[in-house]
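Novice: This is the structure I have questions about; it appears just below.
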Amino acid sequence: MASSTTERNEDDSAPRTVYSEQQLVVEIPETAHQISHDSWFQVGFVLTTGINSSYVLGYSGTTMVPLGWIAGIVGFIIATVISLYANSLIAKLHEFGGKRHIRYRDLAGFIYGRKAYSLTWALQYVNLFMINTGYIILAGQALKYVWVDLLKFCSTFINCRLVVQAVYVLFRDDNAMKLPYFIAISGIVCAMFAIGIPHLSALRIWLGFSTLFSLVYIVIAIALSVRDGIEAPARDYSIPGTTTSKIFYTIGAAANLVFAFNTGMLPEIQATVRQPVVENMMKALYFQFSVGVLPLYAVTFVGYWAYGSQTSTYLLNSVNGPVWVKTVASIASFLQTVIALHIFASPMYEYLDTRYGIKGSPLAFQNLSFRIMVRGGYLAINTFVAALLPFLGDFMSLTGAVSTFPLTFVLANHMYLVAKENKLTNLQKSWHWLNVCFFGCMSLAAAVAALRLIAVDSKTYNLFADI
């Protein structure tokens, strides 16, 4: 047996050692899910669904308010460019060493070894768990607004209002639905969807519905914000807070910026694309970071323009307009969130299905019962955490700090540096090391800022808060 694994350069010169046999010894299982099946266009819609999820309704309040006009606009543009660059580095390593790496941890393990394999999987798991927790918070908030708007709509019809309230009074006597209850309902709906969709490629038509739902709540949010902005007096765009709080909020907003454009699961998404995988994935990334970012830009900047420093962390909570229109937007937000969550939960589903050999017909009793128990259990934990700490902006900051920065920027640059070391000039190597050091420092600073925000909000609100 050879003592090391090697890769030949493109000019077929002497092979270069990437890692030692003793260092790696990582068993990479074959996936139980479908791969190499989707067009670059479908993959582009998967990526666009992720960045134009209901999270976009929060960026006006969580990012623009702490940064202001100049820093906010510049920050979004820079975040777009560096995110495209970092994701392209990962995409180009998909077939590194003559082998296709369909999981982020597989790629890290191939380049670094067993310890990196485990560490990358842990970081990715934390990243996706927190993203999914945030999605369930979003879904719960949207459902709560549907309920509130429904009561307003029924307020002129006494009998209708009594019927609606009677459903809830069967369980509570305070006539007020709390956010944790809506989060629990959202978790159940997400679990039902996860049970019905076996793998990422099976989304297909649901991606079309997701795009439709996104357009509905984005267009409504923009239209109502423009109307409010035109009719409202001059807004205050100053950055709120003390000097100390401004520093922490600014760092947290920087984490939100990178969170907005990155999935933390690019190799898993790239695994679904047809050959040639690198070329097709680059097309999907160009689609995501050109056409795909326009709705995000529009709703974020218009929302901040309309409400200034008073912008809510959930834009639909700031807008004024016909109740039925806001209700439609909230319903669309809820439904799109259910679909988007499935994308970010798919690496965990793939791991569990592969680990326990779940193959064959998705409707087979064994496979169906497995999804009910395992996926339902996983989302139950997500739902519990979401109801326990429903602080959406804080989750966005913490996710960006502890996982998006390391996975998308630190690890991507260092993996590319290690994999292509003999082909890079000294200037290129210095550039990648600069990125590794800078984003490593940003990750630490953003983690401290995010934990401080959670600590502050935990003092302001109780556990299972209704916010």
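The values are calculated or read from the model by the stated rules, or taken from the named source; none is laboratory data. As the structure is a computational prediction, the values presented were derived from the model and not from experiment. Note that we place each Cβ from the backbone using ideal geometry, even for glycine, and neighbour counts take in every protein chain shown. Surface areas here come from the heavy atoms of the whole protein model, side chains and all, with no ligands, DNA or RNA. Shrake-Rupley method; radii C 1.70, N 1.55, O 1.52, S 1.80 Å.
Novice: Under the 0.36 nm per residue contour assumption, what length would be gained going from the current alpha-carbon distance of Ile230 and Phe365 to full extension?
Specialist: Details: separation 135, 0.36 × 135 = 48.60 nm, distance 5.73 nm.
Result: 42.9 nm gained on full extension.
Novice: Stokes-Einstein at 10 °C, 1.306 mPa s, Kirkwood radius from Cα pairs: D for segment 223-321 in µm² s⁻¹?
Specialist: Details: Rh = 16.4 Å.
Taking Rh from Cα pairs, D becomes 97 µm²/s.
Novice: Still on this structure: Once label points are set 7 Å from the Cα along Cα→Cβ at both Lys92 and Leu424, what is their separation, rounded to one decimal in nm?
Specialist: Roughly 1.0 nm, to one decimal.
Novice: Kindly flag which residue pairs out of Lys99/Lys423; Lys283/Lys359; Lys283/Lys429; Lys283/Lys423; Lys92/Lys420 have an alpha-carbon separation exceeding 21 Å in this structure.
Specialist: Values: Lys99/Lys423 19 Å; Lys283/Lys359 31 Å; Lys283/Lys429 26 Å; Lys283/Lys423 24 Å; Lys92/Lys420 11 Å.
From the list (Lys99/Lys423; Lys283/Lys359; Lys283/Lys429; Lys283/Lys423; Lys92/Lys420), the Cα-Cα distance tops 21 Å for Lys283/Lys359; Lys283/Lys429; Lys283/Lys423.
Novice: Give me the accessible area of Met192, 1.4 Å probe, in Å² rounded to the nearest 10.
Specialist: Counting only protein heavy atoms, the figure is 130 Å².
Novice: At Val323 and Val81, where each label point lies 7 Å from the Cα along Cα→Cβ, what is the point-to-point distance in nanometres?
Specialist: Going from the Val323 label point to the Val81 one covers 4.9 nm.
Novice: Moving on to the next point. Order the peptides 429-439, 41-51 from the highest to the lowest mean number of other Cβ atoms within 10 Å of their residues. Write out the running numbers ahead of the final one.
Specialist: On the way: 429-439: 15.5, 41-51: 22.2.
Per-residue Cβ counts within 10 Å, averaged per peptide and sorted highest first, yield 41-51, 429-439.
Novice: From largest accessible area down, sort Ile137, Ile220; use a 1.4 Å probe on the protein chains. Each step should come with its number before you reach the end.
Specialist: Details: Ile137 0, Ile220 25 Å².
From most exposed to least exposed: Ile220, Ile137.
Novice: Which peptide among 203-209, 259-265 comes first, and what is the full order, when sorted by highest mean count of other Cβ atoms within 10 Å?
Specialist: Values: 203-209: 15.4, 259-265: 26.1.
By packing density, highest mean first, the sequence is 259-265, 203-209.
Novice: Could you give the semi-axes, largest first, of the ellipsoid that matches segment 308-462, computed as the square roots of 5 times the alpha carbon gyration tensor eigenvalues and rounded to whole Å? Please report the intermediate quantities before stating the final value.
Specialist: Numbers: eigenvalues 228, 171, 55 Å².
Ellipsoid half-lengths, sorted descending, are 34, 29, 17 Å.
Novice: Could you calculate, for segment 269-319, the ratio of the Cα radius of gyration to the Kirkwood radius, expressed as Rg to Rh?
Specialist: On the way: Rg = 16.8 Å, Rh = 13.2 Å.
In segment 269-319, Rg relative to Rh is 1.27.
Novice: While we're looking at this one, here's another question. Tell me the carbon and sulfur percent of the accessible area for segment 233-329, rounded to whole percent, probe radius 1.4 Å.
Specialist: On the way: 2450 of 3750 Å².
It is 65 percent, rounded to a whole number.
Novice: Residue-wise, which Karplus ³J(HN,Hα) couplings in Hz belong to segment 346-359, taking 6.51 cos²θ - 1.76 cosθ + 1.60, θ = phi - 60°, and x for glycine or proline?
Specialist: 4, x, 5, 4, 5, 4, 5, 5, 5, 4, 10, x, 8, 10
Novice: With the cut-off at 23 Å, report for segment 266-358 the share of all Cα pairs above it, as a whole percent.
Specialist: Values: 2112 of 4278 pairs.
More than 23 Å apart: 49 percent of the Cα pairs in segment 266-358.
Novice: Give a residue-ordered list of calculated ³J(HN,Hα) values for segment 87-95 (Karplus: 6.51 cos²θ - 1.76 cosθ + 1.60, θ = phi - 60°; whole Hz; x for Gly, Pro).
Specialist: 5, 5, 4, 5, 4, 6, 9, 4, 10
Novice: Using θ = phi - 60° and the Karplus form 6.51 cos²θ - 1.76 cosθ + 1.60, what ³J(HN,Hα) does each residue of segment 420-425 get, whole Hz, x for Gly and Pro?
Specialist: Residue by residue, segment 420-425 yields 10, 3, 6, 9, 9, 6 Hz.
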